[in-house]
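A.B. asks: Take a look at this one; I'll ask things after.
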Amino acid sequence: MYKSTIQHLSYDFKTLANLMAKATPPRSGDVLAGVAATNNLERVAAQWTLADVPLKQFLNEALVPYETDEITRLIIDDHDSLAFAPISHLTVGDFRNWLLSEQATTETLTAIAPGLTPEMVAAVSKLMRIQDLILVAKKCRVVTQFRNTIGLEGRFSTRLQPNHPTDHPAGIAASLIDGLLYSCGDAVIGINPASDNLEATLRLLHLLNDVIERFQIPTQACVLAHVTTTLKAIEQGAPVDLMFQSIAGTQKANDSFGINLGLLAEAHQATLDLRRGTVGTNCMYFETGQGSALSANANEGLDQQTCEARAYAVARKFKPLLVNTVVGFIGPEYLYDGKQIIRAGLEDHFCGKLLGLPMGCDICYTNHAEADQDDMDMLLSAFAMAGGTFIMGVPGADDIMLNYQSTSFHDALYIRQTLGLRTAPEFEQWLQHHELFDAHNQLRQQTNIPPLFKASLQQLKNSQS
Amino acid sequence: MTYPKNPSVAYDPWQHLSQFTPARIALGRTGMSLPTRANLDFQLAHALARDAVHIPLDFTQLKQRLNMLGYATQALQSQAENESMYLQRPDLGRLLSLNSLAELQAQPPLAVDAVIIIADGLSSKAIEHHTVPFIELLLPALQAKAYQMPSLCLVKHGRVAIGDAIAEHYKARLCILLIGERPGLSSPDSMGIYFTYQAQSGVSTDADRNCISNIHNNGLSYEQALKKLLFLIDGAEQLQLSGVSLKDETTEAGLNNQLEANFLLS
């Protein structure tokens, strides 16, 4: 039982899970789940109480029972008590102070990461303002490699997302060229297939592989099908760079996705065995998002941000190249408006980075949410200031297959220009080599089709005239 | 899209690629930013899509159109009593209202194989545009399999899982639910189909469903969607399951123009 008295009113919080949920800044999904604070005062009372909880308590009181949830077991069994030792005496409130202090450097944060549990970082994030989330995340450094190097200081990568409503190769190729010519795609060229069709997945895998080989692009490909589909594709000899899967923070939610840790381990090993990385072996790409557990009726009484942080325990088990929180994707039932989306994106980035993950953010919204482009610009700017690893690059911000708005190629150019950020070094060299970038790494103005794609596009023109 | 000539705007010399995709490609730039015209185009599309969410489906008209083709219908409703509740309470959108439940229970028991459910979802335009022509293809195909089916269920303010309760009531093996997908900027009228084998309310999860999405004029055709659905139905009947263990392995015949399909690699 957790108790506090604020303004002569006493508050009881039955469990740590309950306390965490009540301490969470407002969001519609927690109201929907029936776990949110009933008013502002109760929320603040919960935050005061949470601040006094020792970090150690998270190792003693599981938010979802150890016996029934394999993610709880993963969190507890993999906990590194040696890494935890330097901060093991702190309360959640002290931990916030420590994180913001000069003692928390890139080196110390990297060292304690294996000693942190998702619940600890979720708890401290609930006591933080946006500037705290930015400042601390900015101190974290997570570098991953496959065919290039993601996450170096001063770098900001993009996933090129050339989706098409029927997976038509020409439609995908058109968006793909547009994105490359706008200098996007160093994190991954990743297609969401319109269906979970094996043949379509195989065709797209071969298409991306052929393009990357033909033009010698130092990046990796991914078709975001279900792991079981991609495993089948591997069995059929398909060229798979990155294994993709959506993951969530409870066993029950992952069940509803048709996955478990054993299946992910099998998928990870099958991808590693292909040995397609040239500079590194990080070969997993995970997507998450607040609300996904509740959406599957599997939030186990937790608030959605804590569920989300627990998904990162799943991610870090498999040393991913990229983790992407798709922050405004499911809709206003979970994140009601721009304000909630912005905070959620920065919380997810903070929690993921603190746990040692290469966090990107699909800065996005749906047309039934109370959000617009201005909100996305606010999140994009704050995310990049926080040292975010990558964002999406969607033509004109309009995903014509998934029916939502994400960030555009132009958005990536805006943020790189404003904050002096650069693409992954290998990709940057490729852009320079093909004269898409000038000597100052600025996108060149093209009056003609650049030499790189001239032959392909010229032939297309000729064939049609 | 034509741009007014403006010296500060850089036009992309690959605009002819727009023939292959409705995506917003080759928008050009001013500095590193979106030119004014492209920015305004986006704002217009966003305004249209926002409004599309709030246009209610005309169930009376839909019923008349289906009845005129000889298909019987029945009107049902979820527990979400209005649009605002529907948007904010997905849990209520998954449950049948007490009245609807009572109406179903008042019917004499039927032995059926499949139920077809049409729910408004987030796009009334999708249902208005695509349901009737798709049903005209689907029903004969199912009748050819000698499937017994109750009247088409038209569900107001329904979410995907509402089909489970209906299928369970009829003890139907196959639950086929057509629903309006959330409106995108470029496709405000996209329809989706969710297929569940032996759906059970509160038991079936997303892992038990197969989804065929993006059925609209720039997306999947009715014929393509039907082909996929029939493949899944046959597969489900054989394996006695649906969802992640049932893979859509239909082949695509539409890629006839090989040069266009592979122009980047030719």
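A.B. asks: Looking at A:G420, A:G393 in this structure, which one is surrounded by fewer than 24 Cβ atoms within 10 Å (Cβ to Cβ) and not hydroxyl-bearing (S, T, Y)?
C.D. replies: On inspection, the qualifying residue turns out to be A:G420.
A.B. asks: Here's a check for you: in segment B:184-228, which residue that is of a type in the set (G, A, S) and assigned to a strand (DSSP E or B) is nearest to the other protein chains (Cβ to nearest Cβ)? Break it down into steps so the answer makes sense when it comes.
C.D. replies: At the first step, the residues of segment B:184-228 found to be of a type in the set (G, A, S) are B:184, B:186-187, B:190, B:192, B:199, B:201-202, B:204, B:207, B:213, B:219, B:221, B:225.
Imposing the further condition that a residue be assigned to a strand (DSSP E or B) reduces the set to B:192, B:213.
On the way: B:G192: 10, B:S213: 7 Å.
This residue is B:S213.
A.B. asks: Looking at A:V35, A:V53, A:V64, can you tell me which residue is closer than 23 Å to A:K317 by Cα, of a type in the set (V, I, T) and in contact with a Leu (Cβ under 8 Å, 6 or more places away or on another chain)? Show your work before the answer.
C.D. replies: Numbers: A:V35 fails: closer than 23 Å to A:K317 by Cα; A:V53 fails: closer than 23 Å to A:K317 by Cα.
Only one candidate passes the filter, namely A:V64.
A.B. asks: Also, quick follow-up: Identify, please: which residue in segment A:159-180 is in contact (Cβ under 8 Å) with a residue 60 or more places away in the chain and facing chain B (nearest Cβ under 7 Å) and is, among those, surrounded by the most Cβ atoms within 10 Å (Cβ to Cβ)?
C.D. replies: Filtering first and then ranking leaves A:H164.
A.B. asks: Restricting attention to segment A:242-256, does a residue exist that is over 18 Å from the mean Cα position of the chain (by Cα) and facing another protein chain (nearest Cβ under 8 Å)? It would help to see each step written out before you state the result.
C.D. replies: Going residue by residue through segment A:242-256, those that are over 18 Å from the mean Cα position of the chain (by Cα) are A:251-252, A:255-256.
Still in the list and also facing another protein chain (nearest Cβ under 8 Å): A:255-256.
Yes: segment A:242-256 contains one or more residues that are over 18 Å from the mean Cα position of the chain (by Cα) and facing another protein chain (nearest Cβ under 8 Å).
A.B. asks: So, one more: Would you kindly identify the helices (runs of 4 or more DSSP H) lying entirely within segment A:344-437 that contain at least 2 residues that are touching a helix residue (DSSP H, G or I) at 6+ places or on another chain (Cβ under 6 Å) and assigned by TED's automatic domain parsing to the domain that holds A:M284?
C.D. replies: A:373-385, A:409-419
A.B. asks: Follow-up question, since we're still on this one. Go over the candidates A:S183, A:S195 one by one and state the one that is surrounded by 23 or more Cβ atoms within 10 Å (Cβ to Cβ) and at pLDDT below 95.
C.D. replies: Numbers: A:S183 fails: at pLDDT below 95.
After ruling out the rest, the residue left standing is A:S195.
A.B. asks: Filter segment B:229-250 for residues that are of a type outside the set (A, V, I, L, M) and assigned to a loop (DSSP other than H, G, I, E, B); which is farthest from the chain's Cα centre (by Cα)?
C.D. replies: Looking only at segment B:229-250, we keep the residues that are of a type outside the set (A, V, I, L, M), and these are B:231, B:234-235, B:237-238, B:240, B:242-243, B:245, B:247-250.
Filter once more, so that each one left must be assigned to a loop (DSSP other than H, G, I, E, B): B:240, B:242-243, B:245, B:247-250.
Values: B:Q240: 24, B:S242: 18, B:G243: 17, B:S245: 22, B:K247: 19, B:D248: 17, B:E249: 20, B:T250: 19 Å.
Step by step, filter segment B:229-250, then rank; the result is B:Q240.
A.B. asks: Do you know which of the residues in segment A:405-417 that are at the interface with chain B (Cβ under 7 Å from one of its Cβ atoms) and touching a residue at least 60 places away in the same chain (Cβ under 8 Å) is surrounded by the most Cβ atoms within 10 Å (Cβ to Cβ)?
C.D. replies: Our first condition is that a residue be at the interface with chain B (Cβ under 7 Å from one of its Cβ atoms); within segment A:405-417, this holds for A:405, A:410, A:413-414, A:417.
From what is left, the residues that are touching a residue at least 60 places away in the same chain (Cβ under 8 Å) are A:410, A:413.
On the way: A:H410: 25, A:L413: 22.
Per the criteria, the residue is A:H410.
A.B. asks: List every residue pair whose Cβ atoms sit under 7 Å apart, with the two residues 6 or more apart in sequence or on different chains, where the first one lies in segment A:185-205 and is in a loop (DSSP other than H, G, I, E, B) and the second, anywhere, is aromatic (F, W, Y).
C.D. replies: Cβ pairs passing all conditions: A:D186/A:F427; A:A187/A:F390.
A.B. asks: Report whether or not B:A75 is in contact with a His (Cβ under 8 Å, 6 or more places away or on another chain), closer than 24 Å to B:H130 by Cβ, more than 9 Å from chain A (Cβ to nearest Cβ) and not in a helix (DSSP H, G or I). Break it down stepwise before answering.
C.D. replies: On the way: in contact with a His (Cβ under 8 Å, 6 or more places away or on another chain): no; closer than 24 Å to B:H130 by Cβ: yes; more than 9 Å from chain A (Cβ to nearest Cβ): yes; not in a helix (DSSP H, G or I): yes.
Taking the combined requirement at face value, the residue does not satisfy it.
A.B. asks: What residue, among those in segment A:75-133 that are among the basic types (K, R) and buried (at least 18 other Cβ atoms within 10 Å of the Cβ), is farthest from the chain's Cα centre (by Cα)? Break it down into steps so the answer makes sense when it comes.
C.D. replies: Taking segment A:75-133 first, the residues among the basic types (K, R) are A:96, A:126, A:129.
Now restrict to residues that are buried (at least 18 other Cβ atoms within 10 Å of the Cβ): A:96, A:126.
Numbers: A:R96: 23, A:K126: 19 Å.
Among residues in segment A:75-133 that are among the basic types (K, R) and buried (at least 18 other Cβ atoms within 10 Å of the Cβ), the one farthest from the chain's Cα centre (by Cα) is A:R96.
A.B. asks: Of the conditions (1) within 14 Å of chain B (Cβ to nearest Cβ); (2) over 25 Å from A:K252 (Cβ atoms); (3) not charged (D, E, K, R), A:N39 clears all except one; give me its number.
C.D. replies: If we test A:N39 against (1) within 14 Å of chain B (Cβ to nearest Cβ); (2) over 25 Å from A:K252 (Cβ atoms); (3) not charged (D, E, K, R), just (1) comes out false.
A.B. asks: Out of everything in segment A:181-210 that is over 19 Å from A:L321 (Cβ atoms) and aliphatic (A, V, I, L, M), what residue ends up being farthest from the other protein chains (Cβ to nearest Cβ)?
C.D. replies: A:L202
A.B. asks: Can you find a residue that is more than 16 Å from A:A17 (Cα to Cα) and in a loop (DSSP other than H, G, I, E, B) anywhere in segment A:40-53?
C.D. replies: no
A.B. asks: Output yes when any residue across segment B:49-59 is away from chain A (no Cβ under 12 Å), more than 19 Å from A:D375 (Cα to Cα), in contact (Cβ under 8 Å) with a residue 60 or more places away in the chain and not in a loop (DSSP other than H, G, I, E, B), and no when none is.
C.D. replies: yes
The values are calculated or read from the model by the stated rules, or taken from the named source; none is laboratory data. This is a predicted model, so every value here is computed, not measured. Glycine gets a Cβ as well: all are built from the backbone with ideal geometry, and neighbour counts include every protein chain shown.
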